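The values are calculated or read from the model by the stated rules, or taken from the named source; none is laboratory data. Note that the structure is a prediction, hence the values are computed from the model and not measured. A quick note on method: Cβ atoms are made from the backbone with ideal geometry, for glycine too, and the neighbour counts reach across all protein chains shown. Heavy atoms of the whole protein, side chains included, go into the accessibility calculation; ligands, DNA and RNA do not. Shrake-Rupley method; radii C 1.70, N 1.55, O 1.52, S 1.80 Å.
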Amino acid sequence: MSDCLFCKIAAKEIPSTMVYEDELVYCFKDIAPIAPVHYLVIPKEHIACAGEITAENSSVVSHIFEVIAKIAKDEGIDNGFRVITNCGEDAGQTVHHLHFHLLAGVKMGWGVDAVKPE
Ligand code: AMP
Ligand code: ZN
C-alpha cells in the first residue's frame, strides 16, 4: 500500500532501527518504547490487522512467531517476553499494517486500561 507507514519502513523508504529481516518479515525498534525491549515485527506484505488474516495469508503469521522465538534467543531475552497485536479502534491500533509488539526487560502487569469509560 503506497501510503502505509510500515510498508514504507519495510521497503526502507523510511528509516528504522532494524533488528531482523528476511524475505517475508521485518523487525525494528519501536520509536516510542514502553519497555526496555520494544520491537515491532511485521509482514512485508500489507495486511491491515489481525482481523484480516485469512487462509490465504496466514502462513506468514506462523513464520512471524518462529522469528519472534529466534529474536528472543539471539537477543538474550531469557527472562520472558510478551507479544501483543492491536486490531481496530477499541484496541487502540494506530498503524493499520499488521504488527506484533515484542516487549521484554521488565516485570509486566496484566490488564486492560479503559481509555473511555462506557
Ligand atoms: P499500535 O498502536 O499497536 O498500532 O502500534 C503502533 C506502534 O508503532 C506504536 O508503538 C508506535 O510507537 C510505533 N511507531 C509509529 N511510528 C513509528 C516509526 N516511524 N518507527 C518505529 N515505530 C513507530
Ligand atoms: Zn502496509
Could you order the peptides 16-22, 56-62, 42-48 from most to least packed, using the average number of other C-beta atoms within 10 Å per residue? 42-48, 16-22, 56-62
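Ignoring ligands, DNA and RNA, what accessible area per residue does the chain give at 1.4 Å, in Å²?
Details: 7490 Å² over 118 residues.
Heavy-atom SASA per residue in the chain reads 64 Å².
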Placing +1 at every Lys and Arg Cβ and -1 at every Asp and Glu Cβ, with all other atoms neutral, what dipole size does the range 14-111 have around its Cα centre, in debye to the nearest 20? 360
Taking a label point 7 Å from the Cα of His63 along the Cα→Cβ vector, which residues of the range 92-108 have an amide N closer than 20 Å to it? 97-102
Using just the helices of the chain, give the 222 nm mean residue ellipticity in deg cm²/dmol: DSSP H runs with n ≥ 4 each add -39,500 (n - 2.57), and the total is spread over all residues, rounded to 500. -5500 deg cm²/dmol
Taking 1 over the mean of 1/r across every pair of different Cα atoms in the chain, what Kirkwood radius in Å do you get? 15.0
Scaled to the compact-protein estimate 2.2 N^0.38 Å, what is the alpha-carbon radius of gyration of the range 1-49, rounded to two decimal places? 1.10
Only four residue types carry charge here, +1 at the Cβ of Lys and Arg and -1 at the Cβ of Asp and Glu. Report the dipole size of the range 61-116 about the Cα centre in Debye, rounded to the nearest 20. 100
Within the chain, what whole-number % of the accessible surface is contributed by carbon and sulfur, with the 1.4 Å probe and all protein chains included in the calculation? 54
